[in-house]
Amino acid sequence: MYIERLQVEGGFLHGLDLQFGHDLSVLIGGRGVGKTAVVELIRFCLGAPNLDAELMQASFEHAVGVLGDRYHVPGR
């Protein structure tokens, strides 16, 4: 699988438009710039599971928090 692009609408990364190269293997940046947010959004979009339920819930909450009011959590 190759992810070509990530576009974000809403939340604190609103307007982010990343294009990935075939040779991308790492995200580099300073503290608080959104590296983990990008990884969690990709995991969220792909529905990729974590190794345990607690981490999976934390990843889901992180992605939803990044998206802000653009994503409604069912049951809330």
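Things worth noting here:
- Residue tally, condition modelled with pLDDT of 85 or more and either assigned to a loop (DSSP other than H, G, I, E, B) or small (Gly, Ala, Ser) (or both), over region 3-12: 4
- Residue check, residue 40 assigned to a loop (DSSP other than H, G, I, E, B), in contact with a helix residue (DSSP H, G or I) (Cβ under 8 Å, 6 or more places away or on another chain) and either among the charged types (D, E, K, R) or in contact (Cβ under 8 Å) with a residue 12 or more places away in the chain (or both): no
- Applying the criterion of being touching a strand residue (DSSP E or B) at 6+ places or on another chain (Cβ under 6 Å) and of a type in the set (A, V, I, L, M) to the residues of region 6-22, the residue that is surrounded by the most Cβ atoms within 10 Å (Cβ to Cβ) is 18.
- Scope region 23-33; condition at pLDDT below 85 and surrounded by 10 or more Cβ atoms within 10 Å (Cβ to Cβ); matching residues: 24
- If you check 46, 18, 55 for being modelled with pLDDT under 85 and on the phi < 0 side of the Ramachandran plot, only one passes: 55.
- Some residue of region 49-67 being touching a Leu at 6+ places or on another chain (Cβ under 7 Å) and not charged (D, E, K, R): yes
- Across region 43-57, the qualifying residues are those that are surrounded by 13 or more Cβ atoms within 10 Å (Cβ to Cβ) and part of a helix (DSSP H, G or I), and the one among them that is farthest from the chain's Cα centre (by Cα) is 56.
The values are calculated or read from the model by the stated rules, or taken from the named source; none is laboratory data. Values in this document were obtained by computation on a predicted structure and should not be read as measured data. Heads up, the Cβs are rebuilt from the backbone with ideal geometry, glycines too, and the neighbour counts pull from every protein chain shown.
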